[in-house]
Amino acid sequence: SYSKTTSDLLRAQVTNSNLFALPGGNAGLAIVAEAGKQDWRYDPDPGFLNGDIWGQTAVAGDGDRDRYAVTSELRMPVLKTLTLNLSGRYDNFKTHDGTLDKATYSLGVEFRPFEKLLFRGKYGTAFKAPTLSDLYQGLSGYYSFVTDYYQCSLAGHGPDDIDNCPTNYANRQYRGTVSGNPDLRPINADVWSAGAVWSPFDRSSISVDYLHWKIDDEVTSQSADALTLQEYRCRTAIDDINSELCVQTLSQITRAGGSVGNITGIYTPKINVSRETLDAITLAANYKTPETKWGTFSFRGSFTENLKHEYQQYAGDDVIDLLTNPYWSSDPKRKADFSAGWEKGAYNAVVYANWFSQTPNYAATITDAGYAGNRAGKLPSHITWNLSLGYQPIPQIELSLMVNNVFNKMPPLDKSYPGTSGAPYNSYNFDVYGRAIYVEARYNFGAK
């Protein structure tokens with residue numbers, strides 16, 4: 001097999017921090033120009049694709065594009081208490097299929113009525129072109145297993161009763177096909193935020209920010225399990241079988257002998273998601289003590305809550321509330337982290353904790369009844385602790401010890417998974433790597 005990826009970039013930047021004078025200080029300007037070329041190619045051995053090697057497939061594809069971009073940023077301290085930031089960017093990608101280009105911009109404002117209080121806000125647009133593999137990956141295969149929810153339902157077992165479904169349906173082997181999509185649209189977003197920062201006393205800050213993202217045309221690979229679950233919903237009239245979502249879903253699943261035969265193939269191409277909206281609020285606090293005979297201590301904490309998270313896969317489909325519908329999302333609604341640090345001379349230490357709130361169990365994610373389904377419920381919140389210790393005997397040498405997941409904590413046990421599952425936890429939210437210990441020695445040449 002042969003693979004190659006290249007990315008060449010030429011970048012030039014001009015800055016002027018004293019462009020012209022304003023009542024609040026000097027305006028500053030930065031201009032950046034970029035030009036480059038990207039190339040991607042993967043040629044697997046033909047035996048992987050033509051069936052000569054039994055039970056094996058591979059990914060194939062190639063593509064290239066030229067790109068250039070121009071961006072600029074202007075910072076203007078209009079008054080001692082008011083600063084404006086203006087920025088703009090233009091991107092252009094050229095391929096043999098045509099040209100994809102986009103202009104984006106951002107406007108930010110900072111208002112400081114007095115020294116210890118700052119109000120800030122920002123509005124901007126964003127743009128991201130699909131990757132070359134997203135666009136040009138050829139028809140490529142894979143083998144896997146999936147639950148045939150429709151056949152299980154015909155045998156009298158719904159999505160919340162897969163344990164009792166015949167194994168031939170509960171764990172059905174299939175040949176999957178995946179490909180890029182040259183018709184993918186770029187990812188676009190509108191983003192705005194508003195917040196305030198308050199410093200009640202020296203070496204401290206408390207901030208609150210409200211953030212809004214509206215994302216259109218996200219690129220994602222479809223899930224085979226989600227497709228078979230959606231097929232069940234369409235064929236059993238839970239969803240309208242004539243809707244665009246159902247028509248598309250049924251076209252991607254191949255069954256032997258028509259609609260009631262066994263699944264033999266599933267096509268999972270790259271697609272654009274029509275729309276996703278997220279609103280969140282973030283609180284953060286920082287404090288660093290003055291230097292004492294025991295050293296200097298620092299504390300930092302933050303908390304984020306998702307207030308709104310909506311998703312629409314195809315235009316015309318119902319808008320899904322991802323915060324309350326576990327069938328579509330198992331993400332936590334709240335997250336927080338905390339760290340405490342200590343420094344004294346050549347020694348330092350940091351304790352870090354990462355927490356997120358309750359998440360749905362497996363049974364809640366496979367039924368349209370959500371938390372009212374059979375055995376559906378929520379898993380407890382989860383927290384892990386990390387630790388790092390450092391010692392710098394001389395300026396050139398740094399020694400460190402880092403421990404991730406100090407207490408070797410396992411994910412919450414999810415007993416609602418069927419017996420055919422290899423691991424009783426949600427691998428998207430948790431891992432079972434356990435405690436990891438790293439020891440590092442670093443020598444900095446030229447340090448004094």
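The values are calculated or read from the model by the stated rules, or taken from the named source; none is laboratory data. All values reported here derive from a predicted model rather than from experimental measurement. In this analysis, Cβ positions are derived from the backbone assuming ideal geometry, glycine residues included, and neighbour counts consider all displayed protein chains. When the accessible area is computed, the model is the full protein with side chains, heavy atoms only, and any ligands, DNA or RNA have been set aside. Shrake-Rupley method; radii C 1.70, N 1.55, O 1.52, S 1.80 Å.
Odds and ends about this structure:
- So Ser221, is it under 24 Å from Lys308 (Cα atoms) and exposed (fewer than 15 other Cβ atoms within 10 Å of the Cβ): yes
- Qualifying residue in the stretch 74-97 (condition: acidic (Asp, Glu), part of a strand (DSSP E or B) and open to solvent by 30 Å² or more (accessible area, probe 1.4 Å)): no
- Residue, farthest from Tyr169 (Cα to Cα), within the stretch 383-442, restricted to residues that are surrounded by fewer than 14 Cβ atoms within 10 Å (Cβ to Cβ) and of a type in the set (S, T, N, Q): Gln396
- Checking each residue in the stretch 331-374 for being among the basic types (Lys, Arg) and buried (at least 17 other Cβ atoms within 10 Å of the Cβ) picks out Lys333, Lys335.
- For Trp328: the one exception among (1) touching a residue at least 24 places away in the same chain (Cβ under 8 Å); (2) within 24 Å of Ala372 (Cβ to Cβ): (1)
- Flag if Ile206 is in contact with a strand residue (DSSP E or B) (Cβ under 7 Å, 6 or more places away or on another chain) and β-branched (Val, Ile, Thr): yes
- Every listed requirement among (1) in contact (Cβ under 8 Å) with a residue 40 or more places away in the chain; (2) in contact with a Phe, Trp or Tyr (Cβ under 8 Å, 6 or more places away or on another chain) is met by Ala376 save one, (2).
To keep it simple, each residue is scored yes or no on (1) open to solvent by 40 Å² or more (accessible area, probe 1.4 Å); (2) of a type in the set (A, V, I, L, M); (3) under 22 Å from Tyr417 (Cβ atoms).
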position	(1), (2), (3)
Glu115	yes, no, no
Asp148	no, no, yes
Cys165	no, no, yes
Ser179	no, no, no
Asn188	no, no, no
Trp192	yes, no, no
Trp198	yes, no, no
Tyr210	yes, no, no
Trp213	yes, no, no
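- Between Thr268, Thr277, Thr249, the distinction of being of a type outside the set (A, V, I, L, M, F, W, C), out of contact with any strand residue (DSSP E or B) (no Cβ under 9 Å at 6 or more places or on another chain) and buried (at least 17 other Cβ atoms within 10 Å of the Cβ) belongs to Thr249 only.
- Total residues in the stretch 20-34, condition open to solvent by 50 Å² or more (accessible area, probe 1.4 Å) and without any contact (Cβ under 8 Å) to a residue 40 or more places away in the chain: 2
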